[in-house]
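Here the structure comes first, spelled out in structure tokens, and everything after it is commentary.
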Amino acid sequence: MVTLIQFKLEEDPLIYIHLGLIFLSLLGSFFVLLMFLVCKKLRTFAFKLIAMLSLADFLSSLCYLYAEINIKKLMNNGPECMIIAYFNSVFPMSSFIVVNLIAYLVYLTVVKKETEIDSYLCSFVGYAFGFPMIYSVIPFLFGAYGYTGKLENCWIRQRKEYT
């Protein structure tokens with residue numbers, strides 16, 4: 001494992017910072033998810049949304065970590081790179097959508113004075129994870145996923161690279 005990372009560390013010492021931030025994100029997200037599973041009193045609707053956000057961030061960080069560790073295998077634009085690129089698109093988008101759903105929930109409860117918010121959970125989960133999974137298929141149709149270089153690893157390439 002060290003030899004796989006060593007390739008990028010010699011090339012760019014900022015990888016140490018990137019790996020450190022990935023581990024901090026994994027640790028923080030894991031802690032929130034662990035508290036959600038262990039403490040039954042925390043399982044309110046609001047904390048369920050926070051757990052959804054932590055799950056999306058945890059999975060996103062796992063993808064980034066996998067890409068950093070296996071950079072040599074991903075450089076050949078194989079199917080593994082395409083899968084990582086897909087998930088590097090899905091999970092950050094899910095995080096963004098969950099943050100927007102939290103803001104919408106605040107609007108519903110504070111401005112609209114709505115009290116029956118538990119009924120929104122299924123639609124929130126479907127929208128937060130389903131929409132990015134469907135939307136992220138579009139770059140597959142155009143062959144746009146692939147290795148992009150340095151810190152980006154595998155994601156959507158420049159247009160001139162896949163046309």
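The values are calculated or read from the model by the stated rules, or taken from the named source; none is laboratory data. The shown structure was predicted, so the numbers you read here are calculated from the model rather than taken from an experiment. Reconstructed Cβ throughout: ideal geometry from the backbone, glycine too, with neighbour counts over all protein chains shown.
Taking into account only those residues within segment 121-146 that are among the hydroxyl-bearing types (Ser, Thr, Tyr) and at pLDDT 90 or above, which is nearest to the chain's Cα centre (by Cα)?
Ser136
Yes or no: segment 23-36 includes at least one residue that is modelled with pLDDT under 95 and either more than 23 Å from Tyr127 (Cβ to Cβ) or not hydrophobic (A, V, I, L, M, F, W, C) (or both).
The answer is no, given that none of the residues of segment 23-36 is modelled with pLDDT under 95 and either more than 23 Å from Tyr127 (Cβ to Cβ) or not hydrophobic (A, V, I, L, M, F, W, C) (or both).
Answer with yes or no whether Ser60 is crowded, with 22+ Cβ neighbours inside 10 Å and under 23 Å from Ile17 (Cβ atoms).
It is true that Ser60 is crowded, with 22+ Cβ neighbours inside 10 Å and under 23 Å from Ile17 (Cβ atoms).
On the basis of being more than 24 Å from Gln158 (Cα to Cα), modelled with pLDDT under 95, over 13 Å from the mean Cα position of the chain (by Cα) and surrounded by 12 or more Cβ atoms within 10 Å (Cβ to Cβ), does Leu19 make the cut?
Here the answer is yes, as Leu19 does meet what is asked.
Quick check on segment 70-87: of everything there that is modelled with pLDDT of 90 or more and in contact with a Cys (Cβ under 6 Å, 6 or more places away or on another chain), which residue is surrounded by the most Cβ atoms within 10 Å (Cβ to Cβ)?
By that ranking, first place goes to Ala85.
For every residue, the table says whether it meets (1) of a type in the set (S, T, N, Q); (2) modelled with pLDDT of 85 or more; (3) under 17 Å from Phe45 (Cα atoms); (4) surrounded by fewer than 20 Cβ atoms within 10 Å (Cβ to Cβ).
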site	(1), (2), (3), (4)
Glu68	no, no, no, yes
Val98	no, yes, yes, no
Ser119	yes, yes, yes, yes
Arg159	no, no, no, yes
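Could you list, ordered by first residue, the pairs with Cβ atoms under 9 Å in which the first is in segment 35-53 and free of Cβ contacts under 8 Å to residues at least 24 places away in the same chain and in a helix (DSSP H, G or I) and the second is surrounded by 13 or more Cβ atoms within 10 Å (Cβ to Cβ) and among the small types (Gly, Ala, Ser), at least 6 apart or interchain?
Met35/Ala51; Phe36/Ala51; Phe36/Ser54; Leu37/Ala51; Leu42/Ala51
Among Leu42, Leu27, Leu105, which is the only one that is over 13 Å from the mean Cα position of the chain (by Cα) and surrounded by fewer than 13 Cβ atoms within 10 Å (Cβ to Cβ)?
Only one candidate passes the filter, namely Leu27.
Need the failing condition index for Val90 against (1) farther than 18 Å from Trp155 by Cβ; (2) modelled with pLDDT of 95 or more, just the number.
Just one mismatch for Val90, condition (1).
Quick check on my filter: what residues within segment 79-129 are of a type in the set (Val, Ile, Thr), in a helix (DSSP H, G or I) and more than 18 Å from Leu55 (Cα to Cα)? Can you show your working first?
So the first thing to find is which residues in segment 79-129 are of a type in the set (Val, Ile, Thr), and the list is 83-84, 90, 97-99, 102, 106, 109-111, 115, 117, 125.
Now restrict to residues that are in a helix (DSSP H, G or I): 83-84, 90, 97-99, 102, 106, 109-110, 125.
Ile83, Val106, Thr109, Val110, listed by residue number.
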